[in-house]
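Structure first, commentary second.
Derivation of every value follows stated rules applied to the coordinates shown; laboratory data play no part. No experiment lies behind these values; they were computed from the predicted model shown. Every residue, glycine as well, gets a Cβ built from its backbone with ideal geometry; the counts of neighbours run over all protein chains shown.
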Amino acid sequence: MRLSRTAAWLVKGTLAHGDSMPTNTPADDAPLPQQSTGPLPISPHRVFSFLTLAVLCCAADLATKHWVFGRDDMFRGNEWWLWEGHIGIQKTLNEGALFGIGQGKVWLFAIFSVAALIAIPVWLFCFRAAEDGWLTIALGCTTGGILGNLYDRLGLAGIQWDRFDPNREGQPVFAVRDWILWQWNEQWVWPNFNIADALLVGSAGLLMIHSFFIGPKVPPNSSQTP
């Protein structure tokens, strides 16, 4: 009897105030979608920029080597001077690393090159270094330079030692083709280099400038503490 009076009192109060009893719909019971708090995906433009730079830089290196080493002149003693006594073209073969370091260790440097070609894309796109445009540009040029010199170290140029070293006549060349001659005089001669070497040095300089003066880019979805 007491329960009936209580229910009647609740209905009477509800009608008096014009309220309606709350009802639940399936939409109200559905869980709210969770917003993703993870990092944004790397922009496809960064991937395209990296690959384009790597391909263009490698192509520029191989094209200039093909033109220079396809000629019958420009050997040592028969240079082609662009600035007499200072800047010219002279064909040489380098079985070492940059600027002739580590002569004879061709396959060791080839292994290092392959390792770098794997590590650079992993750093850029798995560890998100490509969020920084300067790093993408620098490492794209680095990759192009590595590919150009690795092509030579694997012997893909298809040249022989005949006119470079008569003692090795008929043997295939597994060495980097260098052709840019730069010297102050006969005593101060810079080791011959190529476009790939210039790309490697230039991109290393760009990385140093970035490290000291530009600094890392903070992802837009990250928070900084004051």
Exercise for the section: With a ≥ b ≥ c taken as the square roots of the eigenvalues of the C-alpha gyration tensor of the stretch 84-214, please select rounded if a/c is under 1.5 and otherwise prolate if a/b is larger than b/c or oblate if it is not? Expected result: oblate
Fill in the blank from the handout: Stretched fully, the stretch from Arg71 through Arg163 gains (0.36 nm per residue minus C-alpha distance, one decimal, in nm) 31.9 nm
Exercise for the section: Report the charge-dipole magnitude of the stretch 140-197 in Debye, nearest 20, computed about the Cα centre from +1 at each Lys and Arg Cβ and -1 at each Asp and Glu Cβ. Expected result: 140
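Quickly rank 53-61, 185-193, 94-102, 162-170 as a protection proxy: mean count of other C-beta atoms within 10 Å, highest first.
Details: 53-61: 19.4, 185-193: 12.7, 94-102: 16.4, 162-170: 10.7.
Ranking the peptides 53-61, 185-193, 94-102, 162-170 by packing returns 53-61, 94-102, 185-193, 162-170.
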Exercise for the section: Would you kindly derive the ³J(HN,Hα) couplings of the stretch 78-85 from the backbone phi angles with the Karplus curve 6.51 cos²θ - 1.76 cosθ + 1.60 (θ = phi - 60°), listing them in order in whole Hz, with x for Gly and Pro? Expected result: 9, 6, 10, 8, 8, 10, 3, x
Handout entry: Gain upon complete extension [Trp107, Trp80; 0.36 nm per residue less C-alpha separation]
Key = 6.6 nm
Fill in the blank from the handout: Residues meeting the amide H criterion for Lys91 (H placed from the backbone, H to H distance under 5 Å, 5 or more places apart or on another chain) are Phe75, Arg76
Handout entry: FRET efficiency, Phe213 to Trp188 (Cβ-Cβ, R0 25 Å, nearest 0.05)
Key = 0.20
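Could you give the length gained by full extension between Leu117 and Ser43, i.e. 0.36 nm per residue of separation minus their alpha carbon distance, to one decimal place?
Once the chain is fully extended between Leu117 and Ser43, it gains 24.6 nm.
Just to verify a number: FRET efficiency for Trp134 and Ala59, C-beta to C-beta distance, R0 = 25 Å, to 0.05?
With a Förster radius of 25 Å, E is 0.65.
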Practice task
Post the alpha-carbon centroid distance, the stretch 132-169 to the stretch 74-91, in whole angstrom.
Solution key: 21
Completion exercise
Net charge (Lys, Arg +1; Asp, Glu -1) of residues whose beta-carbon lies under 11 Å from that of Ala157, Ala157 excluded, is +2
